[in-house]
Amino acid sequence: MCLLFAACAGLYQADERRSSFSFVRTSRKSRLWLRAVAVAIFLLTLIMIASLRGWELGVPTWLGVFSFVFVVGLYLSAQKPDWHPRIAIGAAGLGVMTGFAAVVL
């Protein structure tokens, strides 16, 4: 869920009107890079969930978790826009740590 939240926040922050970062608003290259990283994280989480549950259950599970995380992210960005990027960075770090721990253990 943390990685999906980070990917959703990345897509949200990649928009030049909504981004909290001035360098993202002014640079087309950074917006494209942010979108590419978000799509890569989406694919990575889909593969991770599908490998744990099988493709028949993994894809619907991923879609459900994705929908929940996206709604929470939109609510957070509407209520506390300055918290959105900070929480996404923390969620990305937590998601990488737990994903790494799941692979190692």
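Every number in this text was worked out from the coordinates using simple rules, so none of it is lab data. What you see is a predicted model, and the numbers here were worked out from it, not measured in a lab. Methodologically, a virtual Cβ is constructed for each residue, glycine included, from the backbone with ideal geometry; neighbour enumeration extends over all protein chains shown.
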Within 10 Å, count the other beta carbons around each residue, average over each peptide in 40-49, 3-12, and list them highest first. 3-12, 40-49
As an exercise, use a Förster radius of 25 Å and the Cβ-Cβ distance of residue 35 and residue 57 to find the FRET efficiency, rounded to the nearest 0.05. 0.30
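Rounded to the nearest whole Å³, what is the per residue volume of the convex hull around the Cα atoms of segment 2-104? Provide the component values of the computation, followed by the final result.
Numbers: hull volume 9.0 nm³, N = 103.
Hull volume normalised by residue count: 88 Å³.
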